[in-house]
């Protein structure tokens, strides 16, 4: 590719300035764009990294719980809440999805924090990183919990950056829906957004030094005293919660080492010729849960000399401009991952945590699993599997034509999710509508080739193949 033209640079400056973005954000975006357009290395070849042989385990950290009780008075919870869940047909904050009848992800997050405040006797601020698309709905929902309000603001905004043309790097123009000309810059924007919004200073000025960060769609991620105590007692600047990879995690990012430091390699950073090594779960044994621990003093020191944030690797993602036209015109989104900051801090560490601290919802398959009796609320209000081994082995494959959108999923399970506690695999092809108290046992495959839905009567016990 040729370099960025002066005309393209001017176009981006004009677009971002008119949108009210600060000069520091504009310079950071242009630096990333130049890097990508001019052929900078956005991949991490297998030959440049080493596998991580072992990590300290959560189970061995019980001795740090008392240190966690001391440190919790200087701790906050930060939730990434910028996602819309467009892949599931949503146009509002993904965290507003129901996790149980009448209870959304956001409701449960608020209850988790309020429960922890009472249990630990700490102020424990809850702070959300919203996007320009999720802020209004989110704050309206949190208004139901006036006890959450405090001296620290409830949220700060993730920035937005232009989508760009694949070849030229020029800003996308999409008059039919100008919002599609923009995209979030990935959750790596957490660090400069904390600083530029004033939230980093606000937290530190109120005596907050430690932050637990996780995704709002991960209801297994709550503040944990032994992890906090381990982090604080060891004086770590940054720590990542990792989990052991299984066959279902082959396509997700993994931890590795380079030049004596831990790093995170995402699938978008893996050269095609290294795909087999990337997906080898015996070689690369740990994946990032996106539960992170930050020392805010160390973060402030790291950001001081970095005008455009931490030097995070830029990922080049090519996507359809319109989500309603996957075969239509394409664009580039330049993104960074917040977990990649593990390589930016000398002395950063990772810890292997139980799988029940990682319960994300990325698809309607995940949502049905969470709605079912295979999961329950723990004492600290996490959604955890009733049987961890069985939940890990459970496979759900719903026909995306009928179940890919949340509204369609709800319409086909009007009486609630079926019992999946004894299910190993559920595959549904074609349209089926489920009654109340349906039980699915073992491996079940349902096939309907007709345009009319098949009704599964209430109280049905399903085993084997049907249709």
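Every read-out reported here was derived from the displayed coordinates using simple, explicitly stated rules and does not represent laboratory data. Just so you know, these numbers come straight off a predicted model, no measurement behind them. Here Cβ is always computed from backbone atoms with ideal geometry, including for glycine, and neighbour counts include all displayed protein chains.
Summary of the geometry: the stretch 186-211 and the stretch 329-383, compared by the centres of their Cα atoms, lie 21 Å apart.
Ranked by how many other Cβ atoms sit within 10 Å of their own Cβ, fewest first, the residues 114, 128, 332 fall in the order 114, 332, 128.
For the listed peptides 179-189, 263-273, 381-391, a ranking on the average number of other beta carbons within 10 Å per residue, highest first, reads 179-189, 263-273, 381-391. Take the alpha-carbon positions of the stretch 248-328, form their convex hull, and give its projected area averaged over all directions (one quarter of the hull surface) in nm². Approximately 8.6 nm², given one-decimal rounding.
For the peptides 168-174, 77-83, 54-60, the ranking by packing is 77-83, 168-174, 54-60, with the highest mean count of neighbouring Cβ atoms within 10 Å listed first. If both residues of a DSSP beta bridge must be in the chain, then about 45% of such bridges are antiparallel. The stretch 255-313 to the stretch 34-57: how many Å between their Cα centroids? With the stretch 255-313 and the stretch 34-57 each reduced to a Cα centre, they are spaced 8 Å. Averaging Cα coordinates gives a centre for the stretch 430-467 and one for the stretch 393-414; these two points are 12 Å apart.
Which value at 222 nm does the chain reach when only helices count, each DSSP H run of 4 or more adding -39,500 (n - 2.57), with the total divided by all residues and rounded to the nearest 500 deg cm²/dmol? Write down the numbers at each step before the final one.
On the way: 14 runs with 119 residues, N = 467.
Value at 222 nm, helices only, nearest 500: -7000 deg cm²/dmol.
Relative contact order, whole percent, for the chain stands at 17, derived from Cα pairs under 8 Å and 6 or more residues apart. As a size descriptor, the averaged projected area of the C-alpha convex hull of the stretch 364-466 was calculated at 6.2 nm².
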